[in-house]
Amino acid sequence: MKQILVTGATGNVGEYVTRHLKARSYPFKAAVTDVDRAIAKMGPTYPFVAFDFENPATYAEALRDVDRLFLVRPPHLGNPKKEMFPFLEAAFEAGVKHVVFLSLIGAQSNNLSPHRKIEKFLEKKGVPYTFLRASFFMQNLTTTHKSEIEEGELFIPAGNGLTSFIDARDIAEVATVTLINPGHEFKAYDLTGPEALAYQQVADVLTRTLGRKIQHIDPSIPEWIKHWRARGASWDYIMVLTAIYTTARLGFAGRVSEDLQKVLGRPAVPFERFAAEHRNVWAIKQPASPSAAL
Ligand SMILES: NC(=O)c1ccc[n+]([C@@H]2O[C@H](COP(=O)([O-])OP(=O)(O)OC[C@H]3O[C@@H](n4cnc5c(N)ncnc54)[C@H](OP(=O)(O)O)[C@@H]3O)[C@@H](O)[C@H]2O)c1
């Protein structure tokens, strides 16, 4: 039986896809840029293969005996034509017959986003694809915003705008189901959580869960930029974050979809449950990497 290649296998969604495939004893390879780092993070029992979108010398080994691909665009790769299409061409030449792509909710109306450029490339190829157009990950609150929450604040310029937060573990389950079962070819799923919340509501849930006050601060954009510059974030990164939170502030991030329920036959994980399951992440004081998610 041919194998599935999981890219982004150490990431928010990819790590859980590899866990699901391993639990089902499904043949797969976990593509990582640094095998030793991946072993340090996830342990030695995963079938890791060295892979870098930007290094064609890694393609042949990663793609050997592979016929399906879980495709994750690393957030810092903003030019898919240069940085990702050469790999996709190699994947199709090597016999890949289905690509499940982690995309972004609303990508279809944002031709400038790298996600839409990748979707269009896959549509043109005519090889079966499944687009998972995901909403904002709950995991951003355990990575990007972890240290602020530990200090009692959610410092986010989204006003009262709603966001349909999704647990990345839910996306991984949809990815696994669509990779190993037929019937999802040439489909696009909008993946959201079960409800849309304002950041004040997120802060209220965190307050109840952690047993200490977490407040939402809605900074002006100059205050926000100053905050992230002081934490050493790059201008590119700050611009991406600003665009995401402005989208929420303007009311474009709150749509709730039933697609996850249709694929998995169960509702998506609500934020309250995610917060309870991750309460220890915020309890321990550790600096978060500014580029850990998004
Ligand atoms: N965060 C959100 O709320 C959200 C919402 C919707 C869509 N998305 C999209 O989801 C995708 C993943 O975002 P994320 O924040 O969750 O990141 P992530 O998957 O947690 O991290 C990025 C992954 O990319 C891998 N990677 C980095 N450079 C690579 C390279 N040159 N070649 C191959 N792999 C490389 C990393 O693996 P190594 O450890 O092996 O380097 C890591 O597993 C992005 O396209 C993002 O736009 C995110």
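Give, rounded to the nearest 20 debye, the magnitude of the charge dipole that segment 3-134 has about its Cα centre when Lys and Arg contribute +1 at Cβ and Asp and Glu contribute -1 at Cβ.
Numbers: 18 positive and 13 negative charges, 91 e Å.
Using only the charged Cβ atoms, the result is roughly 440 debye.
What residues have an amide H closer than 5 Å to that of residue 144, excluding those fewer than 5 places away on the same chain, when H is modeled at 1.01 Å from N in the peptide plane?
Excluding prolines and chain starts, which carry no amide H, the hits are 293.
Give me the angle, in degrees from 0 to 90, between the Cα long axis of helix 114-125 and the longest principal axis of the Cα atoms of the chain, rounded to the nearest 10.
Helix 114-125 sits roughly 20 degrees off the main axis of the chain.
Among 112, 47, 206, pick out the residue whose Cα is farthest towards the positive end of the charge dipole of the chain, where Lys and Arg carry +1 and Asp and Glu carry -1 on C-beta, about the Cα centre.
47
Return the sequence-ordered ³J(HN,Hα) values of segment 198-206 in whole Hz as given by the Karplus equation 6.51 cos²θ - 1.76 cosθ + 1.60 applied to θ = phi - 60°, using x for Gly and Pro.
With coefficients 6.51, -1.76 and 1.60, one gets 7, 5, 5, 5, 4, 4, 5, 4, 5 Hz.
Read phi for every residue in segment 174-187 and hand back ³J(HN,Hα) as whole Hz from Karplus 6.51 cos²θ - 1.76 cosθ + 1.60, θ = phi - 60°, with x for Gly and Pro.
5, 4, 5, 4, 6, 6, 9, 10, x, x, 10, 5, 6, 10
So what is the relative contact order for the chain, in percent, with contacts set as C-alpha pairs under 8 Å and at least six apart?
Details: 537 pairs, mean separation 56.0, N = 294.
Over the chain, the number comes to 19 percent.
By its C-alpha gyration tensor, with a ≥ b ≥ c as the square roots of the eigenvalues, how is segment 186-254 shaped: rounded for a/c under 1.5, else prolate for a/b larger than b/c, else oblate?
Values: a/c = 2.08, a/b = 1.08, b/c = 1.93.
The shape class here is oblate.
What ranking do 256, 13, 49, 100 get, fewest neighbouring Cβ atoms within 10 angstrom at the top? List each step's numbers first, then the result.
On the way: 256 16, 13 25, 49 22, 100 28.
Fewest to most other Cβ atoms nearby, the residues stand as 256, 49, 13, 100.
Counting other beta carbons within 10 Å of each Cβ, put 131, 186 in order, fewest first. Display every interim value, and only then the final one.
On the way: 131 28, 186 13.
The most exposed by this proxy come first: 186, 131.
Could you list 155, 165 so that the one with the fewest beta carbons within 10 Å of its beta carbon is first and the one with the most is last? Intermediate values should be presented prior to the final figure.
Values: 155 18, 165 25.
If I rank by nearby Cβ atoms, fewest first, I get 155, 165.
Near the amide H of residue 104, under 5 Å away, which other amide H atoms are found, from residues 5 or more places off or on another chain, if H is placed in the peptide plane?
Those lying under 5 Å, H to H, from residue 104 are 134.
Using alpha carbon centroids, what distance separates segment 16-63 and segment 233-280, in Å?
26
Anything over 28 Å Cα to Cα? Flag those among 29/124; 97/117; 29/81; 22/213; 2/120; 41/213, in the order listed.
Working: 29/124 26 Å; 97/117 20 Å; 29/81 24 Å; 22/213 40 Å; 2/120 26 Å; 41/213 32 Å.
Going by Cα-Cα distance, 22/213; 41/213 fall outside the 28 Å limit.
Can you compute the charge dipole magnitude of the chain about its Cα centre, using +1 on each Lys and Arg Cβ and -1 on each Asp and Glu Cβ, nothing else charged? Give it in debye, rounded to the nearest 20. Walk me through the intermediate numbers first.
Numbers: 35 positive and 31 negative charges, 35 e Å.
Computed charge dipole of the chain: roughly 160 debye.
Quick one: what are the phi-derived ³J(HN,Hα) couplings along segment 135-141, Karplus 6.51/-1.76/1.60 with θ = phi - 60°, whole Hz, x for glycine and proline?
Couplings: 7, 5, 6, 4, 4, 4, 7 Hz.
Would you mind giving the three semi-axes, in whole Å and largest first, of the ellipsoid equivalent to the chain according to its Cα gyration tensor?
32, 20, 20
How big is segment 3-134 along each principal axis, measuring the range of its Cα positions in Å and listing the largest first?
41, 28, 27
Within straight cross-link reach of residue 226, meaning Cα distance under 17 Å, which lysines are found once same-chain residues fewer than 8 apart are removed?
none
Coordinate-derived values only; no laboratory data. This structure is a prediction, so every number in the text was calculated from the model and none was measured. All Cβ positions, glycine included, derive from the backbone under ideal geometry; neighbour counts span all protein chains shown.
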